[in-house]
1. Does A:S320 qualify as being closer than 29 Å to A:S219 by Cα, more than 9 Å from chain B (Cβ to nearest Cβ) and among the polar types (S, T, N, Q)?
2. Please go through segment B:207-216 and pick out each residue that is out of contact with any Cys (no Cβ under 7 Å at 6 or more places or on another chain) and open to solvent by less than 10 Å² (accessible area, probe 1.4 Å).
3. Consider segment B:280-306. How many of its residues are at the interface with chain A (Cβ under 8 Å from one of its Cβ atoms) and surrounded by 24 or more Cβ atoms within 10 Å (Cβ to Cβ)?
4. Of the residues B:L204, B:L195, which is within 14 Å of chain A (Cβ to nearest Cβ) and surrounded by 16 or more Cβ atoms within 10 Å (Cβ to Cβ)?
5. Mind listing whichever residues of segment A:235-252 are within 16 Å of the ligand (Cβ to nearest atom), touching a Leu at 6+ places or on another chain (Cβ under 7 Å) and away from every other protein chain (no Cβ under 11 Å)?
6. So which of A:L217, A:L226, A:L222, A:L210 is within 16 Å of the ligand (Cβ to nearest atom) and either under 23 Å from B:Q63 (Cα atoms) or in contact with a His (Cβ under 7 Å, 6 or more places away or on another chain) (or both)?
7. Pick from A:A489, A:A497, A:A516, A:A477: which is surrounded by fewer than 21 Cβ atoms within 10 Å (Cβ to Cβ), under 19 Å from A:A152 (Cα atoms) and hydrophobic (A, V, I, L, M, F, W, C)?
Amino acid sequence: MAAVQVGGGDNLNESKSTSKISECNGKKKTDNGKMGGNQNGYVNSEHKSNGVDSAADMEAPAPWMDWAQLDIFPGSFEKCSLLTAALTHAGLYLLMFLGFVNQLLFTPKVATERNRVGYAPLYNPFEQFYSRYVYRRVRHIFNRPICSTPGAELTLKERATDDYNWSFRFTGAEKRCINLGSYNYLGFAAPEGECADAAEAAARRYGLALASSRAELGSTPLHQELEETTAKFLGVEAAVVFGMGFATNALGIPGLLGAGTLVLSDENNHASLILGLRLARVAVRVFAHNDMRQLERLARDAIAERRWDRIVVVVEGVYSMEGSIVPLPALVALKKKYGLLLYLDEAHSVGAMGARGRGVVDHWGVAPGDVDVLMGTFTKSFGAAGGYIAGAARLVDAVRARGHAHAYAHAMAPAVCAQVLAAMRAIAAPAGELRVRRLRDNTRHFRRRLRAMGVVVFGHEDSPVVPMLVYTFSKMAATVERLTARGVATVGVGFPATPLNKARIRFCLSAAHSRAQLDRCLDAVQQVVDELGLRYARAV
Amino acid sequence: MILLDIVDTASWWTIVIAVQVVIGCAYFLCTRKSKKHEDKLTKKMLLEWKPKPLVEEEIFVPQPQLMGKIDEGMLNVGCTSFLGFDKEPQIMERAIKSLHKYGVGSCGPRGFYGTIDVHLELEERLAKFLQVEETCVYSYGFSTIASAIPAYAKKGDIIFADEKVWFAIQKGIDASRSTVVYFKHNNMKDLERKLEMAAFQKDLNPQRRAFLIAEAIYYNTGTMCPLRKLVELARRYKLRIILDESLSIGTLGEHGRGLTEFLGVPRDEIDLIVGSLEHSFASIGGFCAGSHFIVEHQRLSGLGYCFSASLPPMLTEAAIAGLDILEAKPHLIAELNLVANKLQCAFSGLNYFTVSGDDLSPIKHLYPRDVVMPYETKMEFLHNIEKYCLHRGIAVAVTSYIKDAEKNCPEPSLRIAASTKLNDAHIDELCDILERAYLHCRS
Ligand SMILES: Cc1ncc(COP(=O)(O)O)c(C=O)c1O
């Protein structure tokens with residue numbers, strides 16, 4: 001244990017107490033994440049009784065984590081040069097200024113409320129200004145409709161605008177593009193094949209939807225089977241599934257966390273996690289993205305305050321905007337040392353990461369029992385919809401009994417259940433590992449070639465989400481447009497999903513892509529990078 | 001006018017700059033401070049730190065009944081598929097066809113290639129059906145209203161809501177962090193008094209956004225809201241109305257357009273109508289309907305809309321197919337209303353249950369008579385009734401509430417849903433079995 005090394009120079013008792021902590025954590029694995037409050041071994045009187053501790057020694061600062069022993073690489077986040085930053089800001093202010101002038105001269109009819117004279121304005125003026133006069137300029141690169149499966153390729157319905165993006169009309173043309181935008185990591189989004197057939201059979205057998213909540217009349221044997229399979233897939237005792245991943249967090253967390261809980265939350269956590277924490281009314285402190293050192297400081301401060309019943313760390317496995325992976329082994333060591341609890345959202349990682357596709361837990365070789373709450377969604381790798389919460393049986397029972405979704409939200413559609421089940425079985429089969437490996441190979445290949453181009457790429461080597469930084473709004477829009485023209489569909493992400501000056505292009509890789517397809521995309525990216533001057537990386 | 005605008009905008013422009021300066025300063029100060037992080041944690045504290053487990057006590061979760069295909073040799077009066085669309089072969093075929101075109105999942109939120117042509121079609125069709133400018137479709141019924149409310153109501157705003165609103169509305173209000181005033185269920189006098197009071201205390205003023213939230217038909221009671229009076233009060237006190245028509249769209253009005261059609265209230269009196277695809281349409285998801293000005297905002301601010309994958313295309317297609325049937329056969333609504341009325345009559349004659357619900361409401365709540373029991377025992381009693389009925393081929397739903405999370409937890413009840421498939425014989429049988437179940441479980 002890292003802590004033992006820190007305390008190496010200390011007396012024997014110190015290392016003994018640490019080993020006791022790790023022992024009790026060993027036990028934790030068996031009863032799955034439960035920190036049995038009284039039988040967990042580090043009861044103070046026990047230490048007093050062995051008579052070695054002097055009072056002065058007990059007042060000494062507790063040893064810190066020895067981070068040198070652990071991988072705490074937060075992901076590569078190359079800072080841009082000052083010039084780029086200044087230009088980005090200048091560009092943004094220019095855009096805002098133009099918008100401001102535009103607003104003075106022109107307010108379209110759609111942007112005014114009728115029959116509500118004398119009412120308080122419905123929208124915050126800045127928000128409204130931003131969405132109408134800044135966001136509108138790049139509106140055409142978002143919400144682009146497709147009319148096919150979001151598989152390795154997709155068909156875009158082309159749109160045109162006659163009024164500077166206030167409204168769109170379809171031109172009737174369609175464009176086939178390679179899909180680097182959908183979260184189809186393992187390529188299970190397919191209109192035919194095993195999964196689709198299973199979905200069809202389930203729909204015919206159980207109906208399209210059950211029009212009832214799980215706790216009332218919405219449970220079928222299929223739901224039960226899915227929960228059991230999910231638990232087995234993840235290597236934990238139990239799991240509960242819901243019809244929407246967002247709601248899994250937003251409605252599940254309030255069932256788990258309550259008064260007396262302090263949450264340490266990553267700054268880049270997904271909106272659903274933040275909403276769940278807000279609804280649970282817990283105290284939240286935010287730490288910098290993947291910053292284990294700051295997390296340790298926050299945890300130490302919180303323990304020293306002595307007013308919390310428990311401290312829960314809420315993180316994601318793969319961050320969808322940063323392309324980074326949580327340094328899980330370091331986090332688990334930290335958690336064990338300080339007796340923290342861990343809530344891990346594997347939305348983007350389950351299926352996509354690890355040799356067996358079991359998520360970041362598998363990727364890092366951490367025992368699933370070391371994570372207290374495993375949450376994930378079926379929307380991404382499984383090509384379906386919905387989410388799950390998995391862990392110890394008692395915890396899952398709590399989510400059923402006190403979480404909101406089980407009692408109030410309608411049950412998952414049977415066809416969706418069947419799709420998840422089929423995909424999960426396919427991942428667990430030998431051919432499934434091939435899919436996972438193909439995704440990893442694609443990811444590495446893509447990232448390697450991007451870096452060789454000299455663009456700034458965020459995140460970890462193995463993360464299938466690959467953000468390429470372009471910094472300014474206008475370059476983001478131009479990149480997406482030009483890539484589309486070359487038959488590559490990607491997404492641009494800007495404020496408010498990212499900081500104002502960190503607009504980026506996000507590529508999502510898939511096991512469904514062939515090497516030839518990827519190379520075609522990369523060639524297109526190369527051309528666009530050349531045209532727009534996107535080589536921001538300082539060291540190639 | 002323009003001059004006014006400039007003053008107006010210039011003031012916030014200066015605020016923006018001022019805020020940046022403040023943030024800049026704060027940033028410098030904070031980074032300096034955090035370098036001097038003062039560590040107070042001693043070994044003693046660490047040893048004394050005894051975190052509690054996430055879940056402390058044993059929790060009992062009743063195992064719900066597992067359903068086979070709905071209505072497979074079973075009369076299901078618990079599920080809220082009022083028009084029987086869950087069994088409609090025409091809808092099934094179209095959904096399956098869609099499945100074999102698009103696959104199951106949409107693999108992305110609406111912003112990022114999760115907008116599939118069927119979503120646009122459904123939105124357009126719904127807008128036309130409801131005679132509004134625009135609608136937006138969510139991928140989950142619960143999250144629809146729970147996201148719609150905080151998209152408009154923010155901290156500092158004030159919301160007037162009926163005390164019996166269903167749980168998703170309560171959560172939406174929680175998420176908005178607005179001040180909330182609950183008025184007595186359907187009691188317009190109480191609402192008026194509270195509005196008057198708020199106006200008097202300047203809680204209602206032209207600078208503060210104010211909302212009125214009600215359900216057309218209350219999920220928790222089956223009663224209809226007095227919409228005309230609500231609209232009148234809202235206009236008088238300048239409140240915007242958010243109306244949850246989840247249970248009334250597809251069940252009320254000549255064409256099934258909901259309570260507004262039924263009562264002849266103009267659609268634009270209601271600022272935002274929220275509907276569900278999970279009841280009459282027997283699919284999954286929900287939608288918001290209203291003017292372009294209102295609804296468009298959610299495409300950037302509705303959390304459940306922006307940050308969640310879009311509705312699976314096959315379920316979207318199912319909703320479109322349902323809409324097709326509804327438009328082709330508006331008489332379904334009249335049939336349903338007739339059944340609802342008959343149910344109401346039959347239930348009023350029950351010896352052992354009291355009924356709550358409007359004549360035309362497709363949802364009825366049955367409360368067992370003369371049982372004075374604590375909440376949990378009562379739930380158990382109802383679950384026994386449910387089991388008894390299930391053995392005899394009728395599936396009824398016991399309301400599932402989370403007692404500690406509800407604002408005012410409603411009395412436990414049996415929720416019976418009217419549907420077009422119920423005939424007189426069914427209703428007689430249902431009443432008969434319910435009475436027998438009561439006697440059986442009482443003894
Ligand atoms: C981390 C995280 N959690 C939850 C979700 C929500 O999942 P769903 O799209 O299934 O609602 C997402 C989706 O974008 C996500 O990135």
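The values are calculated or read from the model by the stated rules, or taken from the named source; none is laboratory data. This structure is a prediction, so every number in the text was calculated from the model and none was measured. Using ideal geometry, Cβ is built from the backbone for each residue, glycine included, and neighbour counts are taken over all protein chains shown. Heavy atoms of the whole protein, side chains included, go into the accessibility calculation; ligands, DNA and RNA do not. Shrake-Rupley method; radii C 1.70, N 1.55, O 1.52, S 1.80 Å.
1. Working: closer than 29 Å to A:S219 by Cα: no; more than 9 Å from chain B (Cβ to nearest Cβ): yes; among the polar types (S, T, N, Q): yes.
For A:S320, the condition - closer than 29 Å to A:S219 by Cα, more than 9 Å from chain B (Cβ to nearest Cβ) and among the polar types (S, T, N, Q) - is not met.
2. Taking segment B:207-216 first, the residues out of contact with any Cys (no Cβ under 7 Å at 6 or more places or on another chain) are B:207-213.
Answer for segment B:207-216, where residues must be out of contact with any Cys (no Cβ under 7 Å at 6 or more places or on another chain) and open to solvent by less than 10 Å² (accessible area, probe 1.4 Å): B:A210, B:F211, B:L212, B:I213.
3. Taking segment B:280-306 first, the residues at the interface with chain A (Cβ under 8 Å from one of its Cβ atoms) are B:282-284, B:291-294, B:296-297, B:299-301, B:303-304, B:306.
Checking which are surrounded by 24 or more Cβ atoms within 10 Å (Cβ to Cβ) leaves us with B:282-284, B:294, B:304.
So the count comes out to 5.
4. Values: B:L195 fails: within 14 Å of chain A (Cβ to nearest Cβ).
Checking each option against the conditions leaves just B:L204.
5. Narrowing segment A:235-252 to residues within 16 Å of the ligand (Cβ to nearest atom): A:239-252.
Now narrow it down to the ones that are touching a Leu at 6+ places or on another chain (Cβ under 7 Å): A:241, A:249-250.
The answer is A:V241, and nothing else.
6. Details: A:L217 fails: within 16 Å of the ligand (Cβ to nearest atom); A:L222 fails: within 16 Å of the ligand (Cβ to nearest atom); A:L210 fails: within 16 Å of the ligand (Cβ to nearest atom).
One residue alone meets the criteria, A:L226.
7. Numbers: A:A489 fails: surrounded by fewer than 21 Cβ atoms within 10 Å (Cβ to Cβ); A:A497 fails: under 19 Å from A:A152 (Cα atoms); A:A477 fails: under 19 Å from A:A152 (Cα atoms).
Of the residues listed, the single one that is surrounded by fewer than 21 Cβ atoms within 10 Å (Cβ to Cβ), under 19 Å from A:A152 (Cα atoms) and hydrophobic (A, V, I, L, M, F, W, C) is A:A516.
For every residue, the table says whether it meets (1) away from chain A (no Cβ under 14 Å); (2) within 16 Å of the ligand (Cβ to nearest atom); (3) assigned to a helix (DSSP H, G or I).
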{"site": "B:L311", "(1), (2), (3)": "no, yes, no"}
{"site": "B:A318", "(1), (2), (3)": "no, no, yes"}
{"site": "B:K342", "(1), (2), (3)": "yes, no, yes"}
{"site": "B:L350", "(1), (2), (3)": "yes, no, no"}
{"site": "B:K364", "(1), (2), (3)": "yes, no, no"}
{"site": "B:M373", "(1), (2), (3)": "yes, no, no"}
{"site": "B:E376", "(1), (2), (3)": "no, no, yes"}
